[in-house]
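Read-outs throughout are calculated quantities, based only on the coordinates presented, and are distinct from any laboratory measurement. Remember, predicted model here, so these are calculated numbers, not experimental data. Note: ideal-geometry Cβ built from the backbone for every residue, glycine included; neighbour counts use all protein chains shown.
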Amino acid sequence: MKKMSRRNLLKSGTLLGVGAISAGPVAPDMKAVTSARDHQDGSGSSVRTLGSGKNAIEVNYGLGLGCMGMSFNRSYIPERNKSIALIRKAYDMGVNLFDTAEAYGPFTNEELVGEAISPFRKNITLCSKFGFHIQNGKMTGGLNSQPKHIKEVVNQSLTRLKTDHIDLLYQHRVDPNVPMEDVAGTVKDLIAEGKAKHFGLSEAGPASIRKAHAVQPLTALQTEFSLMSREPLQDVIPVCEELGIGFVPYSPLSRAYLTGYINERTVYVATNDNRPTLPRYKPDALKANWKIIDVLTAFGNQREVTAAQVALAWLAAQKPWIVSIPGTTKLAHLQENLWSSDFQFTPEELASFTAEITAIPITGDRYPTPQTK
Ligand SMILES: NC(=O)c1ccc[n+]([C@@H]2O[C@H](COP(=O)([O-])OP(=O)(O)OC[C@H]3O[C@@H](n4cnc5c(N)ncnc54)[C@H](OP(=O)(O)O)[C@@H]3O)[C@@H](O)[C@H]2O)c1
């Protein structure tokens, strides 16, 4: 797995966006790399580790790239070749963790990611997920983590991803109809067969995490976590800490809200966006919660960083084993998000910023029905 930090990227101009996005990947020169963070904390690296021991994965920048929005649920879908080029550009910039799922599309996002990463497949951590019931190519809203089904759909994912293994295979949602021990046992079999390398859960509660981890140690829990959704700090993050499991916040920018990019006037592509169905994205909630954007913007302005960068840096500040996966379709946003790894809160800043944010009540639930089980 390639490791990096950032100074050589700054030197080479890669991260500054010099040159157009190319379809051909150029492996970053990892040798000369030193990051701005190296100077700040002496840690010598902006690499973060998810999971422990032989289940550990190292992640450059401490950030991965969420690929879902390139095909699914985020309104505008760029031309396929543009998204392939963006994923390859991310790799050129040192990104080495890419997140997808069979449910995104469904299927089309895995096909896109599989093609995009094929030239450098061995050098990256490829993450995908199973667990939804998909019928005739359509999401039904139901779940299916029956062992036989998992084995079938993982084979299909491997074909779409053009690979013989998934580095981090997640169960997308806990299936109340299948004992967690059976799910973990099935993933253990897939690991023994070489079809998966590591195991993760998404939106699993403490009891599910413990049951799974006892059968097949987990590398990561992927759950929504952002300044708008801070519940994991109370329940699952302490369990991850106790068991040595990494934590991957999904929707770390609260689906663009924390960037200040969307507001109550935003018009979504109704056929390809789940935000209008989520209580927190109703116009009244967007308006009521704007005080959070004001705090982010004021804090960032005084430190020459953007609201998005503050939001990502706050997540990274919670634990050294947190690796967010912001999604984007734009090189400028990718650069901005990766640069967040160079900003670190001082302990005093973190305390006062967190106090200011937590004093603001959040309007609107994150989903219409509870997700975590
Ligand atoms: N496990 C799960 O159940 C689950 C659920 C949802 C998502 N995920 C994973 O998490 C990843 C990220 O989640 P997400 O897409 O829901 O939310 P997100 O990362 O919080 O937000 C993505 C949105 O923010 C915008 N954005 C990103 N960076 C920006 C910046 N610097 N400035 C302005 N806008 C910016 C993107 O638009 P642009 O394209 O315009 O940048 C996109 O609309 C997904 O790709 C997926 O891999 C997992």
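Before moving on, here are some points about what is shown:
- Model label sites at Asp164 and Gln302, defined 7 Å from Cα along the beta-carbon direction, differ in position by 5.6 nm.
- When the inverse distances between all different Cα atoms of the range 290-373 are averaged and flipped, the Kirkwood radius reads 14.2 angstrom.
- Spatially proximal aspartates and glutamates relative to Lys82 (Cα-Cα < 17 Å; intrachain offsets below 8 disregarded): Asp92, Glu110, Glu111, Glu115
- Gap separating the Cα centres of the range 150-188 and the range 212-239, nearest whole Å: 19
- Summing charges over neighbours of Gln146, with a neighbour being any other residue whose Cβ is under 13 Å away from its Cβ, gives -1 when K and R count +1 and D and E count -1.
- Convex hull volume per residue in cubic angstrom - Cα atoms of the chain: 132
- Other residues whose C-beta falls under 10 angstrom from the C-beta of Arg280 contribute a net charge of +3, scoring Lys and Arg +1 and Asp and Glu -1.
- For a straight C-alpha distance cut-off of 19 angstrom, the aspartates and glutamates reachable from Lys188 (same-chain residues fewer than eight places away being disregarded) are Glu152, Asp164, Asp167, Asp175.
- Along principal axes, Cα extents of the range 69-160, largest first, whole Å: 38, 30, 16
- The label-point distance for Asp294 and Lys148, in a model that sets each label 7 Å from Cα toward Cβ, rounds to 5.8 nm.
- Working note: Debye formula, equal point scatterers on the alpha-carbon atoms of the range 111-158, no solvent; log10 I(q)/I(0) at q = 0.20 Å⁻¹ is -0.77.
- When Lys54, Lys211 are sorted by how many other C-beta atoms sit within 10 angstrom of their C-beta, beginning with the fewest, the order is Lys54, Lys211.
- Debye log10 I(q)/I(0) for the range 123-244, one point scatterer per Cα, at q = 0.12, 0.18, 0.23 Å⁻¹: -0.43, -0.95, -1.39
- Euclidean distance of C-alpha centroids, the range 305-373 and the range 106-137, integer Å: 26
- You can think of it this way: the chain between Lys287 and Thr358 has 23.8 nm of extra reach, that is 0.36 nm per residue less the Cα-Cα gap.
- For the chain, share of DSSP beta bridges that run antiparallel, in % to the nearest 5: 25
- Cross-link partners of Lys291 among lysines, defined as those whose alpha carbon lies under 19 angstrom from its own and excluding same-chain residues fewer than eight positions apart: Lys282.
- The 3J(HN,Hα) values that the Karplus relation (6.51, -1.76, 1.60; θ = phi - 60°) gives for the range 285-298 are, in residue order, 5, 4, 5, 5, 7, 4, 4, 5, 5, 4, 5, 4, 5, 5 Hz. Gly and Pro appear as x.
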